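Input: a single structure, listed below in structure tokens.
The values are calculated or read from the model by the stated rules, or taken from the named source; none is laboratory data. In this text the structure is predicted, and so the values were computed from the model without any measurement. Here the Cβ positions follow ideal geometry from the backbone for every residue, glycine too, while neighbour counts run over all protein chains shown.
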Amino acid sequence: MKIDYQEPSKDLLMRIDIHEKYGSANIDVWTNELLNPQAGMNILDVGCGAGKLCFLFNDYVKGAAKITGGDFSEELLEKAREKNKTVGADIDFQFLDFNEKFKFADNAFDLCTSAFAIYYASDLDFTFGEAHRVLKPGGRLFVSGPLPENKKMFYDIIKEATNATIPPMPGSSRFKGDIFNTISKIFSKTELHTFENHLTFPEVAPFIDYVRASLGEDRRLWTSMFNGNDEYEALIGKITEVATRWFERDGKLVMTKVVGGILATK
């Protein structure tokens, strides 16, 4: 399945910021507790973006692991490299297209991670096969992404505003099925872990910021909902009206992020 999609970096960074401001739980703590990265490990983060997971692991092991972050976006890689200079971490950020053969040797890494990224791969067998190849025997793969029940309020408000069918999301629509099954087929042991984060918006405006970061005009996943900027702004107006009604009724807007973490061992 060809997925012609790449999230704009400004939208990604906006959503990360909103999760941190309004969330009730910390996905970083959950990730570190689940993976418990150790000093001396060789770690690869696929689809690293601006380096969030790489810096998380680097802090956790106090700089004592060898960490490589790979991403398709040169813009995000540049942000990661700039931060790397600022914090003085020794992380190698490099271009990586997970639809192509990974430019790493067999059996090179103790841990391969991918947060909200690798499930956009065109050929899951190939991409997870590459992750398996570059892991050492006993090495672990960790892939996180949205489960089908993720951010139900967000979709309910859009449905009420548009009376339209939500387009299938490559992450949540594939995670428990195609992705879990593909990884289970390739790896010797596979587990599914769940993380919940309740985002409580004290007013409508930050929720609409989140909506814009999820429906941005250049996001091809949502083109069935609008065509061009005028229709996009009209859609945002309808969503704002419904969100305002919900807020006036409930006194707040609470959206629950439900994230799956697939942890597999080679």
Original post:
Which residue out of G251, G177 is more than 30 Å from A108 (Cβ to Cβ) and surrounded by fewer than 13 Cβ atoms within 10 Å (Cβ to Cβ)?
Top reply: G251
**OP:** From the list S144, S184, S188, S214, pick out the single residue that is surrounded by fewer than 15 Cβ atoms within 10 Å (Cβ to Cβ) and either touching a Leu at 6+ places or on another chain (Cβ under 7 Å) or not aliphatic (A, V, I, L, M) (or both).
**Re:** S188
Subject >> Hey, I262 surrounded by fewer than 19 Cβ atoms within 10 Å (Cβ to Cβ) and of a type outside the set (S, T, Y) or not >> reply: no
Original post:
Any idea which residue in the stretch 59-80 is nearest to S114 (Cα to Cα), counting only those that are of a type in the set (K, R) and out of contact with any strand residue (DSSP E or B) (no Cβ under 7 Å at 6 or more places or on another chain)?
Top reply: K79
**OP:** List the strands (runs of 3 or more DSSP E) that sit entirely inside the stretch 64-118 and contain at least 1 residues that are within 17 Å of L12 (Cβ to Cβ) and among the aliphatic types (A, V, I, L, M).
**Re:** 109-115
**OP:** Collect the residues in the stretch 129-152 that are part of a helix (DSSP H, G or I) and touching a Phe, Trp or Tyr at 6+ places or on another chain (Cβ under 8 Å), keeping them in residue-number order.
**Re:** E130, A131, H132, R133, V134
Subject >> Given (1) at pLDDT 95 or above; (2) in a helix (DSSP H, G or I), index of the condition Y155 fails >> reply: (1)
Original post:
How many residues, within the stretch 197-209, are loosely packed, with under 15 Cβ neighbours inside 10 Å and either of a type in the set (S, T, Y) or under 18 Å from V258 (Cβ atoms) (or both)?
Top reply: 2
**OP:** Output the residues belonging to the stretch 54-73 that are buried (at least 20 other Cβ atoms within 10 Å of the Cβ) and more than 21 Å from the chain's Cα centre (by Cα).
**Re:** A65
Original post:
Looking at D156, D125, which is the one that is over 25 Å from Y22 (Cβ atoms) and surrounded by fewer than 21 Cβ atoms within 10 Å (Cβ to Cβ)?
Top reply: D125
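To keep it simple, each residue is scored yes or no on (1) in contact with a His (Cβ under 8 Å, 6 or more places away or on another chain); (2) among the polar types (S, T, N, Q); (3) free of Cβ contacts under 8 Å to residues at least 12 places away in the same chain; (4) surrounded by fewer than 19 Cβ atoms within 10 Å (Cβ to Cβ).
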| site | (1), (2), (3), (4) |
| --- | --- |
| E75 | no, no, no, yes |
| E78 | no, no, yes, yes |
| N84 | no, yes, no, no |
| D92 | no, no, no, yes |
| F95 | no, no, no, yes |
| E100 | no, no, yes, yes |
| D106 | no, no, no, yes |
| F109 | no, no, no, no |
Original post:
Do we have any residue at all in the stretch 19-35 that's under 21 Å from A108 (Cβ atoms) and either touching a residue at least 24 places away in the same chain (Cβ under 8 Å) or touching a Pro at 6+ places or on another chain (Cβ under 7 Å) (or both)?
Top reply: yes
**OP:** Would you point out the residue of the stretch 197-232, among those that are at pLDDT 95 or above and under 18 Å from the mean Cα position of the chain (by Cα), that is farthest from I18 (Cα to Cα)?
**Re:** H198
**OP:** Could you tell me which of the residues G23, G40, G49, G88 is of a type in the set (G, A, S) and at pLDDT 95 or above?
**Re:** G40
